[in-house]
1. Would you kindly state how much longer the chain becomes between ASN429 and ILE356 on full extension, computed as 0.36 nm times their sequence separation minus their alpha carbon distance, in nm to one decimal?
2. Go through 465-471, 82-88 and give me the packing order, highest mean Cβ count within 10 Å leading.
3. Could you tell me what % of all Cα pairs in the chain have separations over 35 Å?
4. Please work out how much length the chain gains when fully extended from ASN279 to ASN178, using 0.36 nm per residue of separation minus the C-alpha to C-alpha distance, in nm with one decimal.
5. Take the alpha carbon gyration tensor of the stretch 245-491, find the square roots of its eigenvalues, order them as a ≥ b ≥ c, and report rounded if a/c is under 1.5; if not, report prolate when a/b exceeds b/c, else oblate.
6. Pairs to check: LYS359/LYS442; LYS153/LYS215; LYS153/LYS212; LYS76/LYS103; LYS87/LYS129; LYS108/LYS153. Give those whose C-alpha atoms are more than 18 Å from each other in this structure.
7. With the Cα gyration tensor of the stretch 222-352 giving a ≥ b ≥ c as the square roots of its eigenvalues, does the rule (a/c under 1.5 for rounded; else a/b larger than b/c for prolate; else oblate) give rounded, prolate or oblate?
8. Looking at the P(r) of the stretch 25-215, how many percent of alpha-carbon pairs lie beyond 29 Å?
Amino acid sequence: MKKLELTAIALLVIFFSNCQTSNQKEDQWNTLFDGTSLDGWQAAENEGSFYIEDSLLVCHGPRAHLFYQGNEENYKNFELSADVMTKPGANSGIYFHTAFQEKGWPAKGYEVQVNNSHKGTHEYRELKKTGSLYAVRNLYNTFTNDNEWFNLKIKVEGKRVTVQVNDQMMVDYIEPANPVRNDNQQERILSSGTFALQSHDPESKVYYKNIKVKKLPDNTDYDNAEPYLDEELNSAISHLHNIGFPLMDLHVHLKGDLTLEKALDLSRKNGINYGIAINSGLDFPINTDEKLRNHIQENLEDHPVFKAMQAEGREWTEIFSPEAISVFDYVFTDAMTFNDLQGNRMHLWMPEEVHITNKQLFMDALTDTIVNIIKTEPIDVYANATYLPDTLASEYNELWTQERMEKITDELAAHNVAFEISARYKIPNPAFIKMAKAKGVKFTFGTNNTDSNLGNLAYCLEMIEECKLVTEDMFIPEENRDFRKKTEAMATK
Ligand SMILES: [Zn+2]
């Protein structure tokens, strides 16, 4: 008995003497918040924005940052873990490789975003969600909820930064030799430093607990790691993240060899957010409310992807109920299945089904079909937009006359339906896009892939430049969605 007590005391002595040495041991968790005091933390700007409530660290009040200054450590490679809970509308974040700063948003280091439902303050519209490596790799979708604890882990190893939410990898970023940064973001680069928590605004209330850090060895496998993308593409994509342009491929199918795992891995590496589309309709495996719900629950729930319904056939609004459809973040359809004037059903992408005797009559009928779909179906996005069958594709610019373009774009604007820019088919052409933009139509980017060969939205990136697309031109799932309003309008017809 006596011997055991002595051993216990000896262990305690060793434990405490370890804590007091300024150098933390590698690969050992060290608590940064003891649950009873803010010892070791230093607030800047508004001290009152940080306090303790029920052993939790609360960020709530006017803008302020709380810097960890509890030891002499200069954290370079590390893993940080914290449990976080947001109240509705809250915004916060965890900075790393940062340094104490009297005022303003910390200039040095990176911020990992905490935001499940905050939509911005004043004029500023905030789209970056939980887990984003702020303005470097933005996420526009979150599966974490307000009023629920989630775990956030940030790891830096050499040039590699990873962010995990509830142990799911959200960001996997390798900082290139010359990272693209806006003028006010020049210090948003890897170095070493401390951590800071953010109080964003008086409406934001966020709780933290179990904040702990583990130092990792100075030398890692990622010290000279090469970015996942080539320099030109990496720069173009990084620039879009810097300026907050929502880079999303909202037409991704889990087809061929593309599994959700693979899609998530691709998305993390190329910095493009994905919307996974489920083909749903009469002639498809997903053809009832129940199958819809089960499919989403089993395959897409709790992953950082948007959930899209690709509505197939014209009878989908009768097959599925508005309640079932509303579990999707957005709904799109196309006009590739088409009945000609004689009532023959053609799939426009199947050459053997396409028989066109009069091009102009065909184009008029196609235009009317598209207009009718936009007018009568409660969709958010018109996909594979303006697609022509192979036999007509070379005459695209002539067949889509000014008059036909006006009809389509007028209808998109009138019904608040977004226009998909297709990376696969390289349509619509710039003239069409510019006309729609001038009428206030929103856009999506989509690949409509058949396998894991997703590309990197090359045509869409070109169109951003050529048509001067900005954030306000882009359709944001959830935010720009008015599916309910549309179905109600349909029901009262
Ligand atoms: Zn599709």
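Values in this text are rule-based calculations from the coordinates and carry no lab data. Everything quoted here is computed from the prediction, not taken from an experiment. Positions of Cβ are backbone-derived with ideal geometry, glycine not excepted, and every protein chain shown enters the neighbour counts.
1. Working: separation 73, 0.36 × 73 = 26.28 nm, distance 2.25 nm.
The span from ASN429 to ILE356 would gain 24.0 nm if fully extended.
2. Most protected by this proxy first, the peptides run 82-88, 465-471.
3. On the way: 49199 of 121278 pairs.
Roughly 41 percent, rounded to a whole number.
4. Net length gain for the segment: 32.2 nm.
5. Working: a/c = 1.41, a/b = 1.21, b/c = 1.17.
Here the stretch 245-491 falls in the rounded category.
6. On the way: LYS359/LYS442 29 Å; LYS153/LYS215 13 Å; LYS153/LYS212 10 Å; LYS76/LYS103 24 Å; LYS87/LYS129 14 Å; LYS108/LYS153 20 Å.
Over 18 Å Cα-Cα: LYS359/LYS442; LYS76/LYS103; LYS108/LYS153.
7. prolate
8. Cα-Cα pairs of the stretch 25-215 separated by over 29 Å account for 13 percent.
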